[in-house]
Amino acid sequence: MEVIVLWFLSMVAMNTEIESNKAAIEELQVEVVLNQKWIKDLEQWNGDLEATVIKQAAAHSAFYAGQQIKNDDIGDRIDLVEDRMEIIEKNNDLSK
């Protein structure tokens, strides 16, 4: 009889432990699902961020190229004005 009671109590204890483990496993499964969703969200956010960085880099490159063209044009105009000033100065020196 004592063996049966001991066996019954051990079965009850094992059942309690199994139920406790089931609850812990279910909680972990929920956490895994949430983490998977967060990872997907972060990957999407990261992809959007990379696309934004690429767009900004392209815009910066285009702006820089346009600015270089403007700078070259202004440099050419300055050279032209300087050449004209030299010609005018030479003509003034010759007329004196």
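Coordinate-derived values only; no laboratory data. The model shown is predicted, which means the values in this text are computed figures rather than measured ones. For neighbour counting, all protein chains shown are included, and Cβ atoms are generated from backbone atoms with ideal geometry for every residue, glycine included.
At-a-glance table
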| quantity | calculated |
| --- | --- |
| Top positive-direction residue, dipole computed over the chain with Cβ charges, set Ser61, Asn35, Asn92 | Asn92 |
| Extended-chain gain in nm, criterion 0.36 nm per residue less alpha-carbon gap, Met85 and Glu27 | 12.4 nm |
| Alpha carbon Rg of the stretch 21-80, scaled by the compact-globule rule 2.2 N^0.38 Å | 2.47 |
| Long-range tail of P(r) for the stretch 48-96 (Cα pairs > 19 Å, %) | 57 |
| Computed helical MRE - 222 nm, the chain, DSSP H runs ≥ 4 contributing -39500 (n - 2.57), nearest 500 | -37500 deg cm²/dmol |
| The stretch 48-88 - charge dipole about Cα centre, Lys and Arg +1 at Cβ, Asp and Glu -1, debye rounded to 20 | 200 |
| Anchor Lys22: lysines whose Cα lies under 24 Å away (excluding residues fewer than 8 positions away in-chain) | Lys37 |
| GNM result for the chain, Cα springs below 10 Å: residue of Glu31, Glu50, Glu86 fluctuating most strongly | Glu86 |
| Spin-label pair Val53/Phe8, simplified geometry with 7 Å Cα→Cβ offset, distance in nm | 6.8 |
| Folded to 0 to 90 degrees: helix 2-95 orientation relative to the chain principal axis, Cα | 0 |
| Charged-residue dipole, Cβ positions (Lys, Arg, Asp, Glu), the chain about Cα centre, Debye nearest 20 | 240 |
